[in-house]
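Derivation of every value follows stated rules applied to the coordinates shown; laboratory data play no part. Since the structure is predicted, the reported quantities are computational estimates derived from the model, not experimental observations. All Cβ positions, even for glycine, are placed from backbone atoms using ideal geometry, and neighbour counts span all protein chains on display.
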Ligand code: HEC
Ligand code: HEC
Ligand code: HEC
Ligand code: HEC
Ligand code: HEC
Ligand code: HEC
Ligand code: HEC
Ligand code: HEC
């Protein structure tokens, strides 16, 4: 980019920024957080510094509309003191780390900013630490989960710049999860299945992807999980003994229903067997 072009971009970006809800906030970032710059991020090398003008510095080059939508998400909320754009916070750099040298660098001499996702150069542990510094509550569940063990990045599931985080809506959540979990993708397209494709249910109707002490990262153990939606009474598989006729409530009723539902309904994610309508084969 020529110097003239850079200036034009900066002016354009600045005017764009003023039209956004977060207008003027960037410049208003208090000096406090920035003064402690060198140490706060923890993951950053001590000699790295935060840019003095915060987001205004960044949007001089990064004025892409797809990035600017962050100002319409909870992360861009100026009135929430905990958000990256709350008063005294580090704005873009609360996630991307101290980036003064990045912003000043030219060509090959431009050091990288912290980047997110599986393909990014930044190690996943460093990426996730940036998010977990604010999301302590998530941290407790996250650490022992299979997803943490498999070195997933928060950004493999979440998209911080998107207007709607893909995890919040059933259809986009199911798509994101099945990008990796291919067999659930295949089963979800079978004729007999739970109504996920219709957006009536999500993977999180049954799973807790930040962690869970139950096998298979389930929200609850079977049969309780299934019984949050399905009634046990009147189940057609009640044994037909003298005391156990359907509705009689005999002792075996509890036995059958308290046994794990998946003992019989093995194909919870879907079935294409001609007699698989009850997800049993
Ligand atoms: C003078 C222009 C300029 C400024 C100012 C600037 N960047 Fe960048 N940034 C770039 C360029 C060019 C790339 C692309 C590098 C590449 O693709 O190899 C980039 C890439 C990035 C990336 C992707 C990861 C990487 O480093 O390649 C992130 C994240 C990023 N910038 C964040 C920021 C933040 C945060 C700020 C403000 C503190 C900022 N940038 C300021 C020019 C700039
Ligand atoms: C400076 C603190 C801070 C940082 C850093 C931060 N967040 Fe947040 N995040 C927040 C706040 C505050 C909210 C709003 C919470 C609320 O309303 O209860 C939020 C909300 C969220 C939500 C819910 C979004 C929604 O639409 O409801 C997700 C998901 C999330 N953050 C993920 C992340 C990820 C992933 C990262 C790292 C890339 C990250 N956060 C970095 C402070 C932060
Ligand atoms: C495997 C996918 C996945 C990964 C990886 C993941 N999350 Fe989530 N996250 C979800 C889902 C699903 C929800 C629930 C969304 C809903 O129903 O509101 C969620 C919700 C959240 C929320 C909203 C508050 C809440 O607890 O409901 C925050 C904050 C959050 N995640 C932060 C993180 C952070 C930080 C990381 C990385 C350490 C991370 N997530 C990694 C899938 C994931
Ligand atoms: C809450 C954390 C968070 C904040 C705040 C944040 N970003 Fe990001 N940024 C991300 C994540 C996560 C990604 C990876 C892509 C995605 O999930 O949207 C990303 C991606 C990027 C990229 C790389 C896009 C690419 O194509 O590789 C740039 C550049 C960038 N952000 C710039 C900014 C600028 C400029 C700001 C401030 C206006 C900002 N970010 C604020 C979390 C954040
Ligand atoms: C109706 C409840 C339900 C829904 C909805 C659901 N699952 Fe499951 N899932 C289960 C049960 C039950 C298991 C078996 C867990 C065990 O016993 O180990 C399981 C197991 C898994 C496993 C472990 C591997 C395997 O096949 O045993 C993965 C991966 C998985 N589910 C992914 C997903 C994804 C991705 C979605 C969304 C597309 C999803 N699940 C939706 C109930 C559900
Ligand atoms: C970036 C790829 C990726 C994404 C996206 C992803 N997962 Fe996973 N998931 C994995 C990996 C890797 C493992 C651990 C290895 C394995 O068992 O497959 C795993 C493990 C699991 C397990 C436990 C499997 C077991 O054997 O007990 C469940 C359940 C699961 N994921 C559900 C989900 C759900 C629900 C989502 C969406 C909210 C999701 N995953 C998104 C990659 C991913
Ligand atoms: C979040 C609610 C929810 C949970 C949890 C749930 N289901 Fe379902 N289930 C549904 C819905 C909704 C349908 C579709 C009903 C319809 O199409 O009429 C369904 C359909 C079924 C069917 C096919 C029923 C028929 O009439 O053909 C079976 C079998 C089934 N579920 C078993 C299970 C098992 C086993 C579990 C536990 C692993 C479980 N479900 C967990 C909501 C749930
Ligand atoms: C001993 C095997 C067995 C166990 C255990 C079992 N089921 Fe069933 N389930 C069946 C049979 C058999 C049918 C009837 C199939 C038919 O009529 O075609 C059925 C039907 C269903 C249906 C469809 C109901 C209808 O009216 O068509 C649902 C939903 C269901 N079971 C859920 C569950 C849940 C939830 C559990 C755990 C609490 C469970 N099942 C445990 C064997 C079992």
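Tabulated results
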item	result
Estimated FRET transfer efficiency when R0 is 51 angstrom, pair residue 220-residue 104 (beta carbons, to 0.05)	0.45
R0 of 41 Å, Cβ-Cβ distance residue 52-residue 118: FRET efficiency to nearest 0.05	0.80
FRET efficiency for residue 204 and residue 171, using Cβ-Cβ distance with R0 set to 22 Å, rounded to 0.05	0.95
For region 82-126, the Rg and Dmax computed from alpha carbons only, in angstrom	12.1, 35
Overall dimensions of region 85-220 as given by Cα atoms, namely Rg and Dmax in Å	17.7, 57
Prolate/oblate/rounded call for region 88-163, Cα gyration tensor, a/c under 1.5 rounded	prolate
Net length gained if the chain between residue 158 and residue 67 were fully extended (0.36 nm per residue, minus Cα distance)	31.3 nm
Peptides ranked, highest mean first, by Cβ atoms within 10 Å: ranges 144-152, 218-226	218-226, 144-152
Full-stretch length increase - residue 281, residue 266 - with 0.36 nm per residue and alpha-carbon distance subtracted	4.7 nm
Relative contact order of region 121-180, pairs being alpha-carbon contacts under 8 Å that are 6 or more residues apart, as %	26
